[in-house]
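So the structure is just underneath, and the comments pick up after that.
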Amino acid sequence: MSSANNSKRLSDLSNGESGIITKVLGRGAFRKRIVEMGFIKGKAVRVIKNAPLLDPIEYEIMGYNVSLRRSEAMLIEVFSVHEVRQQGDEQVRTEQPSYEGTLSDDILKTSAREKGRNINIALVGNPNSGKTTLYNFASGSHERVGNYGGVTVDARQARMKQDGYTIHIFDLPGTYSITEYTPEELFVRRHITESLPDVVVNVIDASNLERNLFLTTQLIDMDIKVVIALNMFDELQRKGTRLDTEALGKLMGIPIVPTVAVQGRGIEELMRKVIDVYEDRDPVVRHIHINYGPTIEPGIKKIQDAIWKNRDIADRFSTRYLAIKLLEKDRATLNSLEHCPNLQEIVQLRDTEVQYLEKKYGENSETIITDAKYGFIAGALKETLRAGPEEARKTSNEIDRVLTHRIWGFPVFIFFMWLMFQATFSLGSYPMDWIDAGVGALGELVGRMMHDGPLRDLIVDGMIGGVGGVIIFLPNILILFFFISLMEDTGYMARVSFIMDRLMHKIGLHGKSFIPLLMGFGCNVPGIMATRTLENRKDRILTMLISPFMSCSARLPVYVLLISAFFPRNQGLVLFSVYVAGVLIAILSAIILSKTLFARKDVPFVMELPPYRIPTLRNTSTHMWHKAVQYLRKMGGVILAASILIWALSYYPRNVVYSTDYDAQIAAIAANPTLSADAQEKQVAHLELLRDGEHQEQSYIGRLGRLIEPAIRPLGYDWKVGVSILTGLAAKEIVVSSMGILYQADTQSDDSGGLMDKLRQQVHTSGNRIGQKVFTPLVAYGFMLFVLLYFPCVASLTAIARESNWRWALFTMVYTTGVAWMVAFLTFQMGSLFS
């Protein structure tokens with residue numbers, strides 16, 4: 001029976017059914033990534049389940065889970081395991097490169113640098129392998145970690161001391177390979193080849209050895225000093241798997257150190273091993289070549305000899321590595337050789353050898369090399385690994401039966417989002433009140449200790465009033481980050497991307513775009529940077545352009561203030577609706593942009609679904625503490641400076657011409673014997689409020705507000721709201737501190753709701769709404785939407801410019817503000833019809 005008559009497509013298999021891969025069809029990026037992740041001839045793959053909307057589909061291969069869209073699964077030919085058992089495996093056998101062990105020179109790898117007491121190491125590994133956790137524990141840093149791909153989006157540097165050495169650690173982005181499929185792959189490759197780290201620490205997930213070791217084979221080709229950190233070693237042991245790390249290390253010429261980074265186990269031993277390798281005193285380190293078989297090796301040798309003629313290239317790179325990359329048709333490698341005098345000779349040799357291999361095996365040359373690498377890995381593990389039961393993965397699959405269920409998946413996600421926002425209010429209200437009372441007491445104390453004058457007003461109204469009005473929201477922000485941290489650390493974040501892919505696909509986005517967008521709920525900047533995990537440039541830019549619509553924690557103080565003041569009931573639901581509004585507007589924007597500026601072909605959805613892991617108290621508390629420190633630094637930096645500036649602009653000039661003689665009226669009231677003390681106090685307070693309001697209108701900031709008031713009057717705002725909007729361009733938290741100054745919240749009052757009361761009392765002093773309340777529930781809701789949508793903070797714009805260019809940053813600045821104005825306009829004008 002012929003293969004052609006009995007082969008199926010992977011998409012044809014039912015849930016729970018397994019198949020043996022016989023061929024991977026398709027071209028380009030999809031084929032490259034899918035093959036590197038282990039979808040090669042002869043590998044068994046099992047269908048786990050469909051997403052709630054039936055697309056994508058989750059598969060298990062090589063001990064890990066990955067999701068593919070149905071259209072992509074149609075490009076993979078398989079035989080069902082049942083048919084193979086019935087008919088034998090002859091029908092799936094094809095000629096492939098043979099695995100013949102390794103070739104070894106038994107020469108220690110040497111560094112090009114002169115030995116010293118400073119060691120530069122680079123952490124390289126697959127996403128979810130625990131690199132950043134290891135980095136944090138080794139260096140004492142507090143970088144954020146997460147159980148999904150894309151947490152590290154740039155090189156982060158720290159240093160530590162070990163046995164008299166200073167070790168500089170560079171945490172590089174997680175990558176499955178160092179080809180040219182994604183920006184992070186090229187970034188990692190450039191760091192290794194250009195920065196020349198003394199030792200590369202290859203962090204490997206011990207529970208998924210076969211797939212993780214593929215990257216190791218590429219590091220072996222580069223002929224550099226490598227130490228393997230066999231991370232999550234406790235998971236390997238719990239499964240009953242036995243690995244002879246010493247034998248595997250000798251086979252590959254790379255020393256292996258078991259680690260459990262989340263507990264700090266093995267980190268000290270790892271760094272000592274790094275020092276030994278650096279000093280060339282580790283006997284395991286050898287110059288190893290992977291033998292790609294008698295058909296491929298001659299081609300590698302011919303191309304290598306041609307490259308050797310260029311001494312400047314040969315001195316900087318492994319010529320064998322370059323030859324292998326050329327056989328894989330790697331464009332970045334070819335571009336690096338563009339100045340070689342014999343470039344034409346190298347290209348002709350490459351083309352000849354590629355044509356020969358592809359004709360002989362009937363496969364793409366990249367796939368042929370990848371098959372050979374996995375052949376080496378399979379042979380090495382066959383000699384050193386004794387597998388145990390897959391209990392950890394079974395547990396994850398059982399949890400997924402609920403969390404990604406076709407019926408319950410979306411309700412569970414929506415409930416979790418609602419719970420997060422409700423807890424932000426209900427749990428955060430108690431410490432918020434305590435901090436608010438403390439700020440009020442501090443303002444009262446300082447006010448009593450100082451004499452009246454500009455300095456007293458600056459400290460009490462400008463510094464304490466401005467910064468204190470924002471710092472009270474720290475508990476709410478920490479609760480929000482606590483929930484986001486749980487989603488990241490457990491692995492649920494990747495499942496959200498899995499269940500959302502079909503919807504994201506409908507609106508013109510990639511399913512993996514959901515992770516950067518969800519990260520934006522914490523802060524837009526890392527969300528924008530995390531778009532590097534998207535392989536297609538248009539996907540990256542489109543995701544960046546809608547990321548500012550994801551409501552970051554900096555906007556939360558504005559929401560908490562206005563919701564507490566104007567929505568005493570269903571506070572969590574109102575906050576949830578604001579976040580949902582941002583998501584819906586992002587969806588609408590994505591649809592419009594994807595059909596206009598970003599019309600393009602679909603990009604494949606290939607994403608690993610890591611096993612669920614129990615978050616540690618250390619990681620969660622570290623994440624929250626780091627965010628608290630960031631927030632407090634912002635209090636003492638940009639927000640303090642902005643508060644002082646806003647206070648000065650509202651305080652000066654002092655000599656203004658009032659419309660009436662308020663001092664004379666106040667004196668007359670005080671001298672009127674017919675009025676009671678309470679009546680005198682109320683009338684005097686009213687006149688003082690009118691006088692201060694008129695002074696503010698004639699102050700520098702009042703003039704600025706009056707200048708922009710015509711543009712915001714259709715939204716129901718007064719000039720003070722306009723000034724708050726302008727000051728929020730630097731950081732959204734400043735909107736609250738601006739209001740605290742402009743609306744004269746009484747920091748000396750025992751009433752902790754001073755600013756909320758002033759907002760409820762504020763009336764228009766000009767225009768056709770004179771005498772009417774500025775803030776109503778309708779205006780407050782429209783203002784929250786405006787703050788949600790308008791002008792990303794300077795840090796976000798800088799991140800967009802760095803990840804794309806300044807033209808896209810300027811476009812984002814203009815179009816988000818336009819969208820914000822239109823949404824607030826429609827909210828106010830249409831809402832006014834029913835109020």
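The values are calculated or read from the model by the stated rules, or taken from the named source; none is laboratory data. Here the structure is a predicted model, which is why all the values come from computation and not from measurement. Positions of Cβ are generated from backbone atoms using ideal geometry, with glycine treated the same way; all protein chains shown enter the neighbour counts. Side chains are part of the model used for accessible areas, which takes the heavy atoms of the whole protein and leaves out ligands, DNA and RNA. Shrake-Rupley method; radii C 1.70, N 1.55, O 1.52, S 1.80 Å.
Checked against the criteria, Ile407 counts as surrounded by fewer than 16 Cβ atoms within 10 Å (Cβ to Cβ) and in contact with a Pro (Cβ under 8 Å, 6 or more places away or on another chain).
Among the residues of the range 648-662, which ones are assigned to a loop (DSSP other than H, G, I, E, B) and either in contact with a Lys or Arg (Cβ under 7 Å, 6 or more places away or on another chain) or not acidic (Asp, Glu) (or both)? Scanning the range 648-662 gives Tyr652, Pro653, Arg654, Asn655, Val656, Val657, Tyr658, Ser659, Thr660. Going by the structure shown, is Lys682 among the basic types (Lys, Arg), in a helix (DSSP H, G or I), within 58 Å of the chain's Cα centre (by Cα) and at pLDDT 85 or above? So Lys682 fails the test. Say whether the condition of being surrounded by fewer than 19 Cβ atoms within 10 Å (Cβ to Cβ), assigned to a helix (DSSP H, G or I), in contact with a Gly (Cβ under 7 Å, 6 or more places away or on another chain) and of a type outside the set (A, V, I, L, M, F, W, C) is met by at least one residue in the range 454-464. Yes.
A quick yes/no check of all residues on (1) more than 28 Å from the chain's Cα centre (by Cα); (2) of a type in the set (A, V, I, L, M):
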position	(1), (2)
Ser766	yes, no
Phe775	yes, no
Leu797	no, yes
Ala801	no, yes
Met813	no, yes
Thr816	no, no
Val823	no, yes
Ser832	yes, no
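Among the residues of the range 774-814, just one is within 23 Å of Leu534 (Cα to Cα), open to solvent by 10 Å² or more (accessible area, probe 1.4 Å), in a helix (DSSP H, G or I) and of a type in the set (Ser, Thr, Tyr), namely Thr798.
Among the residues making up the range 277-289, a single one is touching an Asp or Glu at 6+ places or on another chain (Cβ under 7 Å) and not in a loop (DSSP other than H, G, I, E, B): Tyr278.
Ala323 - would you say it is open to solvent by less than 10 Å² (accessible area, probe 1.4 Å) and within 19 Å of Leu134 (Cβ to Cβ)?
Spelling it out, it is not the case that Ala323 is open to solvent by less than 10 Å² (accessible area, probe 1.4 Å) and within 19 Å of Leu134 (Cβ to Cβ).
Assess whether Glu709 counts as being open to solvent by less than 70 Å² (accessible area, probe 1.4 Å), modelled with pLDDT under 80, among the acidic types (Asp, Glu) and over 21 Å from the mean Cα position of the chain (by Cα). Judged against the criteria, Glu709 is not a match. Restricting the range 815-835 to residues that are of a type in the set (Ser, Thr, Tyr) and modelled with pLDDT under 90, the residue that is surrounded by the most Cβ atoms within 10 Å (Cβ to Cβ) is Ser832.
The condition of being at pLDDT 80 or above, open to solvent by 50 Å² or more (accessible area, probe 1.4 Å) and farther than 28 Å from Ser738 by Cβ does not hold for Leu486.
Pairing each residue of the range 264-278 that is under 15 Å from Val203 (Cβ atoms) with any residue that is among the polar types (S, T, N, Q) and open to solvent by less than 10 Å² (accessible area, probe 1.4 Å), provided the two are 6+ apart or on different chains, yields C-beta distances under 9 Å for Arg265/Thr259; Gly266/Asn231; Gly266/Thr259; Ile267/Thr259; Glu269/Thr259; Leu270/Thr259. Can you confirm whether the range 568-575 contains a residue that is modelled with pLDDT under 80, open to solvent by 10 Å² or more (accessible area, probe 1.4 Å) and either over 30 Å from Gln762 (Cβ atoms) or of a type in the set (A, V, I, L, M) (or both)? No, the range 568-575 contains no residue that is modelled with pLDDT under 80, open to solvent by 10 Å² or more (accessible area, probe 1.4 Å) and either over 30 Å from Gln762 (Cβ atoms) or of a type in the set (A, V, I, L, M) (or both). Phe521 - would you say it is free of Cβ contacts under 8 Å to residues at least 60 places away in the same chain and either open to solvent by 10 Å² or more (accessible area, probe 1.4 Å) or within 26 Å of Arg618 (Cβ to Cβ) (or both)? The answer is yes for Phe521.
Open to solvent by less than 10 Å² (accessible area, probe 1.4 Å), among the hydrophobic types (A, V, I, L, M, F, W, C) and at pLDDT 85 or above: is that true of Leu588 in this structure? No, not satisfied.
In the range 378-389, the count of residues that are out of contact with any Gly (no Cβ under 9 Å at 6 or more places or on another chain), farther than 23 Å from Asp223 by Cα, open to solvent by 20 Å² or more (accessible area, probe 1.4 Å) and among the hydrophobic types (A, V, I, L, M, F, W, C) is one or more. Counting residues in the range 199-208 that are modelled with pLDDT under 85, open to solvent by 10 Å² or more (accessible area, probe 1.4 Å) and within 20 Å of Thr259 (Cα to Cα) gives one or more.
Within the range 181-198, the set of residues being open to solvent by less than 10 Å² (accessible area, probe 1.4 Å) and part of a helix (DSSP H, G or I) comprises Glu185, Val188, Ile192.
A quick yes/no check of all residues on (1) open to solvent by 10 Å² or more (accessible area, probe 1.4 Å); (2) modelled with pLDDT of 90 or more; (3) out of contact with any Asp or Glu (no Cβ under 7 Å at 6 or more places or on another chain); (4) part of a helix (DSSP H, G or I):
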| site | (1), (2), (3), (4) |
| --- | --- |
| Glu269 | yes, yes, yes, yes |
| Ile275 | no, yes, no, yes |
| Ala314 | yes, no, yes, yes |
| Ala332 | yes, no, no, yes |
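When we screen Arg70, Arg85, Arg93, Arg46 for residues that are open to solvent by 30 Å² or more (accessible area, probe 1.4 Å), at pLDDT below 80, of a type in the set (D, E, K, R) and closer than 21 Å to Gly16 by Cβ, the only hit is Arg85. Residue-level check: of (1) at pLDDT below 90; (2) not in a loop (DSSP other than H, G, I, E, B), His339 misses just (2).
Would you please name the residue that is nearest to Thr384 (Cα to Cα), looking only at residues in the range 213-267 that are among the hydroxyl-bearing types (Ser, Thr, Tyr) and assigned to a loop (DSSP other than H, G, I, E, B)? Result: Thr241. Scanning the range 659-675 for residues that are open to solvent by 60 Å² or more (accessible area, probe 1.4 Å) and within 21 Å of Thr765 (Cβ to Cβ) turns up Ser659, Asp661, Asp663, Gln665.
For every residue, the table says whether it meets (1) assigned to a strand (DSSP E or B); (2) of a type in the set (Gly, Ala, Ser); (3) more than 24 Å from Ile369 (Cα to Cα).
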residue	(1), (2), (3)
Val35	no, no, no
Gly38	no, yes, no
Lys41	no, no, no
Val47	yes, no, yes
Leu53	no, no, yes
Glu60	yes, no, no
Val66	yes, no, no
Ser71	no, yes, yes
Glu77	yes, no, no
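The lone criterion from (1) aliphatic (A, V, I, L, M); (2) over 34 Å from the mean Cα position of the chain (by Cα); (3) modelled with pLDDT of 90 or more left unmet by Leu385 is number (3).
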